[in-house]
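Colleague: One structure, as structure tokens, below. Some questions next.
The values are calculated or read from the model by the stated rules, or taken from the named source; none is laboratory data. Fair warning: this is a prediction, and the values are worked out from it, not measured in the lab. FYI the Cβ positions are ideal-geometry reconstructions off the backbone, even for glycines, and counts take in every protein chain you see. Just the protein is used for accessible areas: all its heavy atoms, side chains included, with ligands, DNA and RNA removed. Shrake-Rupley method; radii C 1.70, N 1.55, O 1.52, S 1.80 Å.
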Amino acid sequence: MAGGLAALLDDIATLARAAAASVDDVSLAAGRASAKAAGVVVDDTAVTPRYVTGIDPKRELPIIKKIAIGSLRNKLLFILPAIMLASQFLPWIIMPVLMVGGAYLAFEGAEKLYEALTGKHEEDSNEGKSEDEIASGAIRTDFILSSEIMVISLKEVADEPFLSRLAILIVVAIFITVVVYGVVGLIVKMDDVGLAMAKKESSGARKFGNALVKAMPKVLSVLSVVGIAAMIWVGGHILLIALDDIGWHWPYGQVHHFEQWVKDSTGALGGVLGWFANTLASALVGLVVGGIITAIVLKFFHKDHGSGHGDDVHTVDLAKDGTDAGEANPGH
């Protein structure tokens, strides 16, 4: 009896060690997959704060919480089942989906860059919108970014068994959502922290608080620039890797040779500068592809792009007809 109990306990210990090893494997794989999606994560973090711009500070965190829950729902209930089924039964479709996503990211980045350089964009405003409307708009945008994050992560663990793949992607979905919206929450509340510190008796605390309040608009501006750069770079890198995987090796081969040349030419800093060389080349590819798509979209789909308001076009039409704009819109 004692021998049987000892054997049972030994089996339980073996199973526990195996389970612990499996957890470690899942954690490591999830970390690796999350790292590969880092560029899209940066973009997601950069995009979200604008959804609470102009909102009552007391409602910022509740709205971010709604968006975070919607983001997690996007990943776990809609995107994850779709990509798991695709990876199991239609694995060939993952690469085209990645390429479409890469092209879309490059387009988004190039379009935002065009708008920043020309000033031809519409200002986002939450004025007159309910919290549910604001959250719904953010969650719709998140769906695209979350899809890219999950597909990129899937690509990194595509060779894992089905259940391991599922567990890894669940961890990735939860981890990235917590990180993104935790950071977003910190960003949007930092000015409140600064204001609170500015009211302290300590002169050091007041100075730090005032400096924090003044710095936050600049931080948000820098974050916006980083988000645009991340979209262009990640989009280009995805396209290069996808082309290499489907058999057209020349484009990524040239980037790899350039990266290796920089590494070999720069001594101790070769690793870092080689990475920057690869990133720069990927960004150039993303900028070219995104610029072409942006030009096509502006040419054929946004003929009035940059007017700022649709009623400007209406006013021009009225002027052509000889009708006074003020009479047509007496309320203005």
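Colleague: Please get the size of the charge dipole for the range 124-215, origin at its Cα centre, with Cβ charges of +1 on Lys and Arg and -1 on Asp and Glu, quoted in debye to the nearest 20. Can you show the working numbers first?
Modeller: Working: 10 positive and 13 negative charges, 120 e Å.
Computed charge dipole of the range 124-215: roughly 580 debye.
Colleague: Highest mean first, how do 234-241, 75-82 rank when packing is the count of other Cβ atoms within 10 Å averaged over residues?
Modeller: Going by the mean number of other Cβ atoms within 10 Å, highest first, we get 234-241, 75-82.
Colleague: If ligands, DNA and RNA are left out, what is the accessible area of Met99 with a 1.4 Å probe, given in Å² to the nearest 10?
Modeller: 50
Colleague: Which of the residue pairs Lys66/Lys218; Lys66/Lys189; Lys65/Lys214; Lys58/Lys112; Lys58/Lys214; Lys58/Lys129 have a Cα-Cα distance greater than 22 Å in the structure shown?
Modeller: Checking Cα-Cα distances, Lys66/Lys218; Lys65/Lys214; Lys58/Lys112 exceed 22 Å.
Colleague: Would you work out which of Val180, Ile144, Gly101 lies farthest towards the positive end of the dipole of the range 100-248, given +1 charges on the beta-carbon of Lys and Arg and -1 on that of Asp and Glu, about the Cα centre?
Modeller: Positive-end residue among those listed: Val180.
Colleague: Name the residues whose placed amide hydrogens come within less than 5 Å of the amide hydrogen of Lys129, ignoring near sequence neighbours (fewer than 5 apart) on the same chain.
Modeller: Amide H neighbours of Lys129: none.
Colleague: In Å², and per residue, what accessible area does the range 125-269 have when probed at 1.4 Å with the other protein chains present? Mind dumping the intermediate values first?
Modeller: On the way: 7980 Å² over 145 residues.
Roughly 55 Å² per residue, with all protein chains present.
Colleague: Summarise the accessible area of the range 234-298 (1.4 Å probe, protein heavy atoms) by the percent that is carbon and sulfur.
Modeller: Details: 2700 of 3580 Å².
C and S atoms contribute 75 percent here.
Colleague: Treating the beta-carbon of each Lys and Arg as +1 and of each Asp and Glu as -1, no other charges, what is the dipole magnitude of the range 74-154 about its Cα centre, to the nearest 20 debye?
Modeller: On the way: 5 positive and 12 negative charges, 102 e Å.
Here the size comes out at about 500 debye.
Colleague: Something else now. Quick query: amide H of Glu160 versus all other amide H atoms, modeled in the peptide plane; which residues come in under 5 Å with a sequence gap of 5 or more or a different chain?
Modeller: Residues meeting the criterion, in which the H sits 1.01 Å from N, do not exist here.
Colleague: Follow-up question, since we're still on this one. Taking the highest mean first, how do the peptides 154-161, 223-230 order by number of other beta carbon atoms within 10 angstrom per residue? Numbers along the way, then the final one.
Modeller: Working: 154-161: 16.6, 223-230: 18.1.
In decreasing order of mean packing, 154-161, 223-230 become 223-230, 154-161.
Colleague: In whole Hz, with x marking every Gly and Pro, tabulate ³J(HN,Hα) for the range 282-290 from phi via Karplus 6.51 cos²θ - 1.76 cosθ + 1.60, θ = phi - 60°.
Modeller: 4, 5, 5, 4, x, 5, 5, 5, x
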